[in-house]
Structure formats: C-alpha cells, structure tokens
Amino acid sequence: MSAVVVVRDDERIQRDVLAELAWDPQLQPNEIGVAVDQGVVTLSGYVDGVARGWAAVRSARRVRGVRAVADTIEVRLPGTPGRTDADLALAASRALEWDSFVPAERLDVTVANGWLMLRGEVEFGWQRRAAEGEVRRLDGVRGITNLIEVRPSTPTDGERLRQDVQRALARTLGAERVTVDVDVDVDGETLVLSGVVRSWWERDQVERVAWSAPGVRVVHDQLLVGG
C-alpha cells in the first residue's frame, strides 16, 4: 500500500502561523498580518525594530507546511525621542567588541537614520553571521546591510571541504537528501547546497554546518522545504 501524503491547506497554515506569532513573547498581539498562498506565507504590518521583524519571520518558519516566507514587514521606530545614529553606532561597536568570537578590530560600523552598514573582513563565514546577529538585537535598528567580506587565511582543498561538510551533515542531521557542491575561486570556496529538507529548522541547521566549515566564503542555499 502506498503512503498517503497529507498536504496542509492554506487556511490551516494561516491559523497556525497566527497562533505561533501570538505564542512568541517577542511579538505584540495583532501587529503582524498573515496571508498564505500555496504554502507561501506573506507577513505584513509594522514593528518597532528589526529584531522584532526577524522574530516574526522565524516564528512563521517554525510552522509545519510553510514552504517559504515573504517578509514585507516595515520597521517604524516609536515617535518618542530615542537613540541617535551616534548612540546606535557606539552601541553596535561595543556589542561587537563584547563578542569574543568576532574580530571587532577588523570591522567598521556606520549608521544613517537607524540603518546599520557593516564593513570589514573576517576569516570565517560564521563570524560574518555572528556580527550581524549581535547588532540585529539592538534597540533602534531599522535595518542592516552586511558588506563584511570573508577572506580565508589559507587556501583549502575543495573536494576535501565538500566531503567534510557532507559528513558533518550526515553526522548531525542525517541529511542524506542534501547535496553539497563546491565552486572554487581565488578568494575562497563557495558551497552550493541543494536537495530537500523536512523543515525550516533543518534548513537553518544545514546552513549553520556549511558556514562553520573553514575556508567557506559564500553559501548558496538552493534547498527546498518539504511540506
């Protein structure tokens, strides 16, 4: 007897996403609108910081049956006087300095109207992600442009890198349906991830493993999320 594939309808997914948003303590009730079309969730509304918008996206991704999330949420800071751009730049610099895994001395932060721009160089891809994660949580941030470049200190063997990442995925996730390919250039390695994962959580974990590998400069995520 063949297995029965249960496809969740859009109305049920919408109800579950709204419930997950209401469950998340980082979000305010009824501040996010949700529309669903063939498993693709569109989030709309207004929040008072980029961290809250990011929390909404992550909440939607946790719901079973969500194939993709379109984020149209706008960041609107409160009308009361808050941090100036100078205050925000100082706070961002200090946040990077407090993270012992981020080479803050090699990074530069500029702020214009609450929008942060990160520049500089790091040795590992996960450091680039960590730097953005540190400043995303700051109060008063409207958005972030991450221009940090990944510059590995030594060249790596592309085929060995591919095998190491594939083994790490099998070891931690059992992700046999994920294929890892490597594109080599003079600046470092680009990993291309393809295949099917069971959830957005699993997709995030695959990306985490890929970015953790030494020598990785870019990760192209072509993974599909199964229903």
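Laboratory data are not the source of any read-out in this text; all were calculated from the coordinates shown. All values derive from a computational prediction rather than experimental measurement. Here the Cβ is made from the backbone with ideal geometry for all residues, glycine too, and neighbour counts use every protein chain on show.
A few comments on the model shown:
- Tensor-based shape of segment 41-115 (alpha-carbon gyration tensor, a/c under 1.5 rounded, otherwise prolate or oblate): oblate
- Under 10 Å, Cβ to Cβ, from Thr110 - net charge with Lys/Arg +1 and Asp/Glu -1: -1
- Rel. contact order, % - alpha carbon contacts under 8 angstrom, at least six apart, the chain: 16 percent
- Cβ-Cβ distance of Thr179 and Gln28, R₀ of 30 Å, FRET efficiency by 1/(1 + (r/R0)^6): the value works out to about 0.15.
- Between the C-alpha center of segment 129-170 and that of segment 76-127 there is a gap of 17 Å.
- Segment 85-158: GluC sites (Glu not before Pro) in DSSP coil with no more than 13 other Cβ atoms inside 10 Å: none
- Spin-label pair Trp201/Glu149, simplified geometry with 7 Å Cα→Cβ offset, distance in nm: 3.9 nm
- Residues in segment 121-155 reached by a label modelled at Arg171 [backbone nitrogen below 18 Å; 7 Å Cα→Cβ]: 126
- Contact order normalised by residue count of segment 106-170, Cα under 8 Å, 6+ apart, percent: 34 percent
- In a fully extended conformation the segment linking His220 and Glu97 would gain 41.4 nm over its present Cα-Cα distance, using 0.36 nm per residue.
- Summary value for segment 103-221: 26 percent relative contact order, contacts being C-alpha pairs under 8 angstrom separated by 6+ residues.
- Taken along the Cα-to-beta-carbon direction at a fixed 7 Å, the label points for Ser44 and Asp10 span 1.3 nm.
- Count Lys and Arg as plus one, Asp and Glu as minus one, and take only other residues whose Cβ is under 9 Å from that of Trp201; the net charge is then +2.
- Antiparallel bridge percentage (DSSP; both residues within segment 45-133; nearest 5): 75 percent
- Counted by Cβ distance under 12 Å from Asp10, the other residues give a net charge of 0, where Lys and Arg count +1 and Asp and Glu count -1.
- Hydrodynamic radius (Kirkwood) for the chain, which is based on Cα pairs only, to one decimal in Å: 19.4 Å
- Summarising the strand pairing of the chain, around 50 percent of its internal DSSP beta bridges are antiparallel.
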